[in-house]
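The structure under discussion appears below in the form of structure tokens.
Read-outs throughout are calculated quantities, based only on the coordinates presented, and are distinct from any laboratory measurement. Bear in mind that the values here come from a model prediction, so they are computed numbers and not experimental data. Backbone-built Cβ (ideal geometry, glycine too); neighbour counts: all protein chains shown.
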Amino acid sequence: MALETTPQFDYNSTRNKLILSEYGRNVQNMVKYIVALPTKEERNRYAQVVIDLMGFLNPHLRDVADFKHKLWDHLHIISDFQIDVDAPYPKPAPDAIHLKPEPLKYPHQRIKYKHYGKTIELMIEKAKSIDEPERKQHMVQAVANFMKMAYVQWNKDSVADETILADLRAMSGGQLKLEENVNLARVEYRANTHNQSTSRGRTNNNQNNKGRSNNNNPRNNNNQNNRNRNNGGGSGGTRKY
């Protein structure tokens, strides 16, 4: 008697690796089937069907500029650049797909006033390069207002205009100044307004509850007086028959 053979289970770990997982394994198997077709006419016809299917499976690509070009590039990538079809776009180079971007260069410049940031320093340098007096004055005013806003956000406290103007002179090397009577934009630090409104609401509720309890006291007193009157005027009184 022959022994029954245990069926072999098909796990994803035993299958070929998905090249572009967003299209799924069925699309990859279709592309593999197209690659093995004998004639280019058949490959072109089936490739167009797969392109339409890929666009249907990923409708977000329709928002990308020239999304058809991207779909054909993905078709070549899924086939491992083995598919031979008459594509409307040039075949991408395998080397261009695996290029790694250059590492980002992070700035290592020292910021003297960290609570103002590097942007303020760039704005000050831009203001120093302006030759027109009126336009330069407006630029300096805008820089000072921005410095006050940045100061309040960083230190969580209010600041006097004199402090901002002094920092502006120091950061610009004495080249940017404002008149002493100039008022900067009104910026105030406010604590957590949610907690304040919550505590204020609780206080109002407590006061309302206290008022309601006081309003109920006369009613309770009237009820007590009626009971005393029915009982003869009090606990120590005598009842007449």
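Odds and ends about this structure:
- Percent RCO, i.e. relative contact order, over the stretch 40-176, from Cα pairs under 8 Å lying at least 6 residues apart: 17 percent
- √(5λ) per eigenvalue of the Cα gyration tensor, the stretch 58-194, largest first, Å: 54, 19, 16
- Loop chymotrypsin sites (Phe, Trp or Tyr not before Pro), the stretch 108-193 (other Cβ atoms within 10 Å of the site Cβ: 14 or fewer; DSSP): Tyr189
- Cα-centre dipole for the stretch 140-189 with unit charges at Cβ (Lys and Arg positive, Asp and Glu negative), debye to 20: 160 debye
- Note, ³J(HN,Hα) from phi for the stretch 132-139, Karplus 6.51, -1.76, 1.60, rounded to Hz, x at Gly and Pro: 5, x, 5, 5, 5, 5, 5, 5
- Per DSSP, loop trypsin sites (Lys or Arg not before Pro) in the stretch 59-129 with at most 14 further Cβ within 10 Å: Lys105, Arg110, Lys112, Lys114
- Phi angles across the stretch 153-168 convert, under the Karplus curve 6.51 cos²θ - 1.76 cosθ + 1.60 with θ = phi - 60°, into 3J(HN,Hα) values of 5, 7, 8, 6, 7, 6, 9, 7, 4, 4, 5, 5, 5, 5, 5, 5 Hz, Gly and Pro given as x.
- Set of lysines with alpha-carbon distance to Lys112 below 28 Å, sequence-local pairs under 8 removed: Lys126, Lys128, Lys136, Lys148, Lys156, Lys177
- Qualifying lysines (Cα of each under 28 Å from Cα of Lys40; at least 8 residues distant if same chain): Lys17, Lys32, Lys68, Lys70, Lys91
- Cα→Cβ-extended label distance, 7 Å offset, between Asp66 and Trp154, nm: 4.5 nm
- Using the Cβ-Cβ distance between Asn181 and Tyr106 with R0 set to 45 Å, the FRET efficiency from 1/(1 + (r/R0)^6) comes to roughly 0.60.
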